[in-house]
Structure formats: C-alpha cells, structure tokens
Amino acid sequence: MRRLLLPFLFASFLGAQADEVIRVSWNTAHGASPPQLSRPAADFLPAFRLALTTLPESAIVALALSQPSMLGLTPAQAGMMRPLVAERYALIAQSPTYSSVASALPYCFAEKRPQEGLALVHVPAGADARTPVLVFLHGYGGSFLWYQHLLAEHFPKFVLICPAYGINTAGIPAGYVQECVQAVSARLGRPIVKPVLLGLSAGGTGACEVFTQHPERFDRFICIAAPPPEDLLPKFPREAKVAFISGGEESFVKSGSFSRNIAQIRRLAPLTQEFIVPQADHFFLLSHTALTMAKLREWLPKL
C-alpha cells in the first residue's frame with residue numbers, strides 16, 4: 001500500500017511546484033456595461049458572441065482581426081498584428097500552463113452587466129507572501145490571453161493578476177481593482193501588499209485614474225502606450241514611482257505633448273521616468289517586444 005501511495009504523493013508534490021493559471025471571481029457592483037459599438041462593428045457583434053461560445057480564443061481573435069473595426073483598428077494595423085498574434089497563440093497552444101486556460105472574452109463581451117468580477121491569475125511555482133505581484137489592466141477589445149502569456153514569459157517570478165473589465169478599461173473603477181486584489185488575496189490565502197500597477201493603452205488611461213486616486217495601494221505604476229490624461233497631471237504625489245513608455249510614431253509623442261506632460265508630472269513626482277520606443281506605433285508591445293520588456297524590467301522591482 002505504501003508503495004502505491006508514493007507515486008501519487010510524488011505527482012502531487014510536482015503539481016504543487018508547477019506554474020498555474022487560476023480563475024478568480026467575486027461579487028461586484030462595479031461590473032462593466034455591455035459593449036456599445038457603432039456600425040458596422042455593431043452588426044458583427046451577434047455573430048461574434050456566438051463564436052465566443054464555440055471557438056478557441058485564437059480563432060476568435062483571428063476573426064476579430066478580419067473585422068478591424070471590431071477592435072478599433074485600421075486594416076493596416078490589423079494586417080501587421082495578425083501574424084504576431086498568431087505566433088503568440090501558437091506558443092500558448094504548446095504551453096502546459098496556458099493551453100487549457102478558458103478565455104475571458106465571453107465575459108468581456110457579455111450582453112448584460114455582470115454581477116461578478118473576473119480575473120485570470122498566473123501563479124508561479126513556489127509563490128509565497130514574498131512573491132511580487134503585478135496587476136495588469138488590459139487594452140481596448142477585452143482581456144486577451146496573449147497579454148498574460150507574454151508577461152508571464154518575460155516576468156515568470158511575478159504573480160500576474162489580470163482583471164477582465166468589459167472591452168474598455170479606460171473607465172475601470174478603482175473599487176473594481178481593489179475588489180480584484182482582495183479576492184485574489186483570499187484565494188491564495190495570503191496578503192497582497194502594494195502590487196505593481198501596469199496598464200496598456202486604454203488600460204493605461206484607466207490605471208492613471210486608479211493610481212492617482214489611491215497611490216498608497218501600489219508599489220509603483222507603469223503606463224504602456226497611453227499618454228497621461230491632462231486632468232490628472234497635478235494629482236501624482238511626490239513620492240510616486242511612475243513610468244511611461246510609448247511608441248515614437250504616436251501622434252501625441254510626435255507633437256511633443258507626451259514629453260511636456262511627463263515633465264509636468266516629474267516636477268511634482270521627481271522619480272517619474274519615460275521612454276520612447278524608436279520607430280514604433282501603438283502596438284510596440286508586439287512589434288518591439290524585446291526592447292519593451294527590457295525597459296519594463298528596469299522599472300519593475302528587483303527580485
């Protein structure tokens with residue numbers, strides 16, 4: 001009997017040491033409103049929702065990229081992203097950790113305001129109370145699995161909390177983010193103290209609002225591919241650790257407003273940093289991944 005138990009116990013031990021992605025939900029009054037799209041994207045929405053019930057996320061995203069207006073993209077942008085996203089989903093399909101993770105897109109495109117919040121959480125092997133935590137707010141279009149997979153590839157020692165919030169996190173409530181962190185803390189059975197807040201595009205705009213409302217809740221804030229909103233420039237506290245990274249071909253970068261706004265924040269919060277990715281447009285996270293991740297690694301807490 002003892003011999004029979006040994007393989008089982010050994011397998012259980014190995015499982016406990018493996019990375020995993022868990023799905024965390026909680027009751028909320030802050031759920032996102034259902035997507036409101038203009039035509040022709042609105043005409044495509046019923047068929048898209050139907051596809052969400054039957055197709056893998058990789059096929060769903062490919063379908064969406066064939067209708068660029070669905071994600072607020074131009075045909076040229078969609079054409080550039082298509083092979084890069086396909087490559088990322090091919091890696092997901094080969095990943096023992098991510099290949100069976102259910103997509104959050106059905107939640108993001110729900111027809112009714114949800115009564116529960118949702119987050120996908122990457123928990124690295126051996127994570128404990130000392131493991132650093134990163135809260136990532138997704139961009140327009142929904143919480144795509146490739147976002148988290150890419151971050152986990154480059155920052156494998158972080159707990160990665162990816163809350164899903166409709167298709168536009170620009171207006172995500174600070175209460176929703178706080179509920180998410182508390183729900184993940186309860187699920188993991190340990191406190192989460194001052195995670196890093198990271199926002200991409202629309203999520204960067206939303207994260208600016210969340211951070212300036214409650215900077216004491218976060219270790220630092222990093223904004224990717226979004227300018228800081230004008231009305232928030234005076235609201236960054238002196239001790240804040242904040243950083244902004246954007247593509248050099250973005251209109252707000254080429255006009256000079258990006259650097260001027262960062263300079264204004266830096267006068268209040270001298271630890272503010274910025275970086276411009278040369279010859280990159282809005283989607284440099286995919287097109288200039290190595291340079292982007294190297295810069296983020298400089299800004300994240302040292303392990």
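Derivation of every value follows stated rules applied to the coordinates shown; laboratory data play no part. Keep in mind that this is a model prediction, so the values were computed, not measured. Neighbour counts run over all protein chains shown; Cβ positions are idealised from the backbone, glycine included.
Other residues whose C-beta falls under 13 angstrom from the C-beta of Pro234 contribute a net charge of +2, scoring Lys and Arg +1 and Asp and Glu -1. Relative contact order of region 48-166, taken over Cα pairs closer than 8 Å and 6 or more residues apart, is 28 percent. Roughly how many Å is it from the Cα centre of region 186-265 to that of region 21-77, as a whole number? So the two Cα centres are separated by 25 Å.
Among the DSSP helices (H) of the chain, those spanning at least 20 angstrom by Cα along their long axis with an average Kyte-Doolittle hydropathy of 0.0 or more are 2-17, 75-93, 174-188; this is a geometric and hydropathy rule only.
Model label points for Gln178 and Phe252, set 7 angstrom from Cα along the Cα-to-Cβ axis, are 2.6 nm apart. Could you identify which residue out of Pro56, Pro215, Pro227 has the top mean-square fluctuation in a GNM of the chain using Cα springs shorter than 10 Å? Top of the fluctuation ranking is Pro56.
Across region 199-303, the convex hull enclosing all Cα atoms gives 92 Å³ per residue. Distance between the 7 Å Cα→Cβ label points at Trp26 and Ala59: 3.5 nm. For Ile172, neighbours were defined as the other residues whose beta-carbon sits under 12 Å from its Cβ, and their charges (Lys and Arg +1, Asp and Glu -1) total -2. Connecting C-alpha atoms closer than 10 Å in a GNM of the chain, tell me which of Phe244, Phe144, Phe48 has the biggest fluctuation. Checking each option, the largest mean-square fluctuation is seen for Phe48.
Pro270 sits among other residues whose Cβ lies under 15 Å from its own Cβ, and their net charge, with Lys and Arg +1 and Asp and Glu -1, is +3. Relative contact order of the chain, taken over Cα pairs closer than 8 Å and 6 or more residues apart, is 15 percent. Applying 1/(1 + (r/R0)^6) with r as the Cβ-Cβ distance of Ala47 and Asp19 and R0 = 41 angstrom yields a FRET efficiency of 0.70.
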